[in-house]
């Protein structure tokens, strides 16, 4: 019997990445990932061996927002970026300077122009929300994680899983997977959802920044 959700998460982490992923050197497990859609207990990513990091900065939400804006329009004035992002002029100038330094954009007069596309090293992502009992809340949270993941799961102790099993049709409707975990560490996949592209490219880019930060700090 698990005495806390943290105990559940800790034992679950010991079982990962398998059976969800075949373990490889290109697999990374992240704890408590917060990208603005709640805090995912665990996120497993498979990544392509990153290209040499030919930049001096890791990017924040505002950096990514500017790149996403420019991806659609190719160029924009600084006042336009300020209006679209609602960020301060000072913050935008700092971000643009960093993007120029890393050759993502150029600046002429007050026009910022996209010079190269963002490279994402993530090729597959699974997000997991673990709960002791409240499967409905876990299901709603896990659904939000589809914004940045290819698959999203709820994990419950097998001893508390009956209510969720009785409502498995809701997991299938929302295409959120269901896992059960025993005290001994046995992890069962009750329902595996179809793998889909993340809903938000911006959220996927922000996750990629967390992966790069983790890889380059280890």
**Prompt:** Taking the stretch 105-130 only, how many residues are buried (at least 20 other Cβ atoms within 10 Å of the Cβ) and modelled with pLDDT of 95 or more?
**Reply:** 9
**Message:** Is it the case, given these coordinates, that residue 94 is on the phi > 0 side of the Ramachandran plot and surrounded by fewer than 18 Cβ atoms within 10 Å (Cβ to Cβ)?
**Reply:** no
**Message:** Which of the strands (runs of 3 or more DSSP E) found entirely inside the stretch 1-102 contain at least 1 residues meeting this: more than 23 Å from the chain's Cα centre (by Cα) and farther than 19 Å from residue 203 by Cβ?
**Reply:** 75-77
**Request:** From 38, 18, grab the single residue that is closer than 30 Å to residue 156 by Cα and touching a helix residue (DSSP H, G or I) at 6+ places or on another chain (Cβ under 7 Å).
**Result:** 38
**Message:** For the stretch 165-192: of the residues being part of a helix (DSSP H, G or I) and in contact with a helix residue (DSSP H, G or I) (Cβ under 7 Å, 6 or more places away or on another chain), which is farthest from residue 36 (Cα to Cα)?
**Reply:** 170
**Fill in**
Of the residues in the stretch 71-83, those that are surrounded by 12 or more Cβ atoms within 10 Å (Cβ to Cβ) and modelled with pLDDT of 95 or more come to 75, 76, 77, 78, 80, 81, 82
**Condition check for residue 195: closer than 30 Å to residue 61 by Cβ and part of a strand (DSSP E or B)** = no
**Item:** Filter result (closer than 22 Å to residue 120 by Cβ, out of contact with any strand residue (DSSP E or B) (no Cβ under 9 Å at 6 or more places or on another chain) and surrounded by fewer than 14 Cβ atoms within 10 Å (Cβ to Cβ)) within the stretch 170-211
**Value:** 197
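The values are calculated or read from the model by the stated rules, or taken from the named source; none is laboratory data. Quantities reported herein were computed from a predicted structural model and do not represent experimental measurements. Don't worry about glycine lacking a Cβ; one is built from the backbone with ideal geometry, like all the others, and counts go over all protein chains shown.
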